[in-house]
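This report concerns only the one structure given below.
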Amino acid sequence: MHIIVVGNEKGGSGKSTTTMHVATALARMGHRIGALDLDLRQKTFAQYISNRKRFSGESGVTLLSPQYLQLPLKKEGDLGSEESLMESRLSSAVETLKKTSDFIIIDCPGNHTHLSQLAHSLADTLITPLNDSFVDFDLLAKVESDGTTVKGPSVYSEMVWTARQFRAQAGKKPTDWIVVRNRLGAQNMINKKKMGNAITHLAKRIGFRVAPGFSERVIFRELFPRGLTLLDLKDAGINQLSISNIAARQELRDLIKALALPNVTIEF
């Protein structure tokens with residue numbers, strides 16, 4: 001059983017879209033997928049899965065989906081002496097899903113919470129979607145005014161480092177951290193090149209891999225209300241794929257390949 005955590009402390013990076021596409025791609029390739037949404041306020045990932053189930057029921061179309069589980073409720077009296085309430089809820093959910101899952105994918109909120117920090121320490125694979133701009137690069141590191149010189153890691157990078165230390169102390173294998181560059185655009189090539197140079201330099205400095213993500217496309221906003229992903233278009237009756245849709249599917253294929261997850265053979 002392999003745990004995938006999708007984390008980013010800034011909203012609007014395509015985090016839930018990335019989570020849903022990775023989860024359903026793995027499900028369509030025959031893997032059993034457990035799913036948790038730790039954004040207890042917005043629950044975008046949970047809503048995505050709910051939309052999918054509703055569309056499947058209304059249309060009669062069978063869609064392979066992750067098994068979503070809400071965090072179980074706990075009382076303070078149920079806890080051990082060194083166990084926090086959130087830690088107990090998360091560990092109980094993971095233990096339940098482990099029995100029936102090859103992969104568990106966890107979507108974290110777009111802000112720092114204790115629950116999110118706990119999840120990062122569980123990650124065998126950590127995916128951090130990042131908009132391709134220096135506004136969002138600030139999530140990973142502080143840079144000088146030239147836009148290329150890295151001054152040091154950000155609070156999020158430091159949190160990931162702390163989570164890695166916890167894993168090392170527990171004797172677990174290191175987290176494979178992948179930063180996914182979302183919303184790559186054809187415009188402003190100078191900024192794109194500077195961003196690429198800065199993120200490549202930082203990757204070597206603090207230990208993550210870089211993978212291409214999804215371009216800005218209208219299709220993603222259209223898929224969410226029905227809970228669909230790029231791999232479901234033909235099942236939903238869309239047999240004539242546009243050039244943009246075909247390109248987006250290739251982006252998903254490239255992302256799954258870059259993740260290099262264990263026992264995963266790409267079949268789409």
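Listing for the model above:
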{"quantity": "All positions within segment 213-240 that are free of Cβ contacts under 8 Å to residues at least 60 places away in the same chain, surrounded by 15 or more Cβ atoms within 10 Å (Cβ to Cβ) and not in a helix (DSSP H, G or I)", "calculated": "SER215, ARG217, LEU233"}
{"quantity": "Count - residues of segment 92-151 that are of a type in the set (Gly, Ala, Ser) and assigned to a helix (DSSP H, G or I)", "calculated": "5"}
{"quantity": "Some residue of segment 44-52 being out of contact with any helix residue (DSSP H, G or I) (no Cβ under 7 Å at 6 or more places or on another chain), modelled with pLDDT of 90 or more and farther than 20 Å from ALA236 by Cα", "calculated": "yes"}
{"quantity": "Of all residues making up segment 87-99, the number that are of a type in the set (S, T, N, Q) and free of Cβ contacts under 8 Å to residues at least 12 places away in the same chain", "calculated": "1"}
{"quantity": "Cross-chain or 6+ apart pairs with Cβ under 9 Å, segment 20-42 first and farther than 26 Å from THR113 by Cβ and touching a residue at least 12 places away in the same chain (Cβ under 8 Å), then of a type in the set (S, T, N, Q) and assigned to a loop (DSSP other than H, G, I, E, B)", "calculated": "ALA25/THR229; ALA27/SER65; ARG28/THR229; MET29/THR265; HIS31/SER101; HIS31/ASN263; ARG32/THR100; ARG32/SER101"}
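Table: residues versus (1) more than 17 Å from LYS10 (Cβ to Cβ); (2) crowded, with 20+ Cβ neighbours inside 10 Å; (3) without any contact (Cβ under 8 Å) to a residue 12 or more places away in the chain.
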residue: SER101; (1), (2), (3): yes, yes, no
residue: ASN111; (1), (2), (3): no, no, no
residue: ASN131; (1), (2), (3): no, yes, no
residue: SER154; (1), (2), (3): no, no, no
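The values are calculated or read from the model by the stated rules, or taken from the named source; none is laboratory data. For clarity, every value in this text was computed on a predicted model and none was experimentally measured. Note that each Cβ is placed from the backbone with ideal geometry, even for glycine, and that neighbours are counted across all protein chains shown.
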